[in-house]
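Reading through the structure tokens given below for one structure.
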Amino acid sequence: MRKPVARRISFYVILSLILVVVDSTLVKFLSLAGIVPDILVVWIVYIAIREGQIAGTTAGFFIGLVMNLMGMTESMLGLAALAKTVAGFTAGYFYNENKTYNTLGGYQFIVIVAVASFVHNVFYFIIFLQGSDLGWTRSVLAYGIPTTAYTAAIALLPMFAFARKYLS
């Protein structure tokens, strides 16, 4: 049985704020050759798979906005909000109310995280690098794809936890 809507939203907001703080303080210690996983994209995908496209899009916007307002990004104001909104919107396409548990506990979750992360990175770099000498293609190849792979690898942890809890 699902929790009441207000309780679920409160849970998502509180956990989102905790993850933003974790992302800004602890995730940098997971850096491999300058590449850091985006745990917030994993969380946004989770919300989109559980609640649908509108919830994923909204969560992406507010999480990105909080990141921008906290100064967590080196980019222009609103860029993280836009990129995370697009990631949530993309992940929402994979929402299926009847297959939520199977999606979250299976390889599909990793694929959705990879797709959403890649779309997020492409949007981010296309806008962030406007007017610079560094091409967005080179940036996506050097940072976007490795970040996508690392984020998808990190998404294995919640996928296995979810599979163990709900599918066994």
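The values are calculated or read from the model by the stated rules, or taken from the named source; none is laboratory data. Here the structure is a predicted model, which means the values were calculated and not measured. Glycine gets a Cβ as well: all are built from the backbone with ideal geometry, and neighbour counts include every protein chain shown.
Data table
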read-out: Residue within region 132-149 that is in contact with a Phe, Trp or Tyr (Cβ under 9 Å, 6 or more places away or on another chain), at pLDDT 90 or above and closer than 17 Å to Tyr46 by Cα present; value: yes
read-out: Residue that is farthest from Tyr124 (Cα to Cα) [pool: residues in region 81-102 that are within 12 Å of the chain's Cα centre (by Cα) and not hydrophobic (A, V, I, L, M, F, W, C)]; value: Gly92
read-out: Qualifying residue in region 37-54 (condition: more than 28 Å from Arg7 (Cα to Cα), touching a residue at least 24 places away in the same chain (Cβ under 8 Å), crowded, with 19+ Cβ neighbours inside 10 Å and not basic (Lys, Arg)); value: yes
read-out: Subset of region 73-87 [surrounded by fewer than 21 Cβ atoms within 10 Å (Cβ to Cβ), among the hydrophobic types (A, V, I, L, M, F, W, C) and closer than 22 Å to Ala114 by Cα]; value: Leu79, Ala81, Leu82, Val86
read-out: Top-ranked residue in region 20-79 [being of a type in the set (Asp, Glu) and in contact with a helix residue (DSSP H, G or I) (Cβ under 6 Å, 6 or more places away or on another chain); ranked as modelled with the highest pLDDT]; value: Asp38
read-out: Test for Ile14: is it within 26 Å of Arg164 (Cα to Cα), at pLDDT 95 or above, surrounded by fewer than 16 Cβ atoms within 10 Å (Cβ to Cβ) and not polar (S, T, N, Q); value: yes
read-out: Qualifying residue in region 59-78 (condition: farther than 19 Å from Phe128 by Cβ, without any contact (Cβ under 8 Å) to a residue 60 or more places away in the chain, hydrophobic (A, V, I, L, M, F, W, C) and touching a Gly at 6+ places or on another chain (Cβ under 9 Å)); value: yes
read-out: Single condition Leu69 does not satisfy, out of (1) crowded, with 23+ Cβ neighbours inside 10 Å; (2) farther than 18 Å from Val119 by Cβ; value: (1)
read-out: Answer from Tyr150, Tyr101 - the residue that is touching a strand residue (DSSP E or B) at 6+ places or on another chain (Cβ under 7 Å), in contact (Cβ under 8 Å) with a residue 40 or more places away in the chain, within 25 Å of Leu15 (Cα to Cα) and not β-branched (Val, Ile, Thr); value: Tyr150
read-out: For Phe118: the one exception among (1) farther than 22 Å from Leu17 by Cβ; (2) in contact with a helix residue (DSSP H, G or I) (Cβ under 6 Å, 6 or more places away or on another chain); (3) not in a helix (DSSP H, G or I); value: (3)
read-out: Total residues in region 130-140, condition over 21 Å from Ala80 (Cα atoms) and surrounded by 15 or more Cβ atoms within 10 Å (Cβ to Cβ); value: 0
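For every residue, the table says whether it meets (1) closer than 13 Å to Gly56 by Cα; (2) surrounded by fewer than 21 Cβ atoms within 10 Å (Cβ to Cβ).
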| site | (1), (2) |
| --- | --- |
| Thr90 | yes, no |
| Asn98 | no, yes |
| Asn102 | no, yes |
| Ile110 | no, yes |
| Val115 | no, yes |
| Val122 | no, yes |
| Phe125 | no, no |
| Phe128 | no, yes |
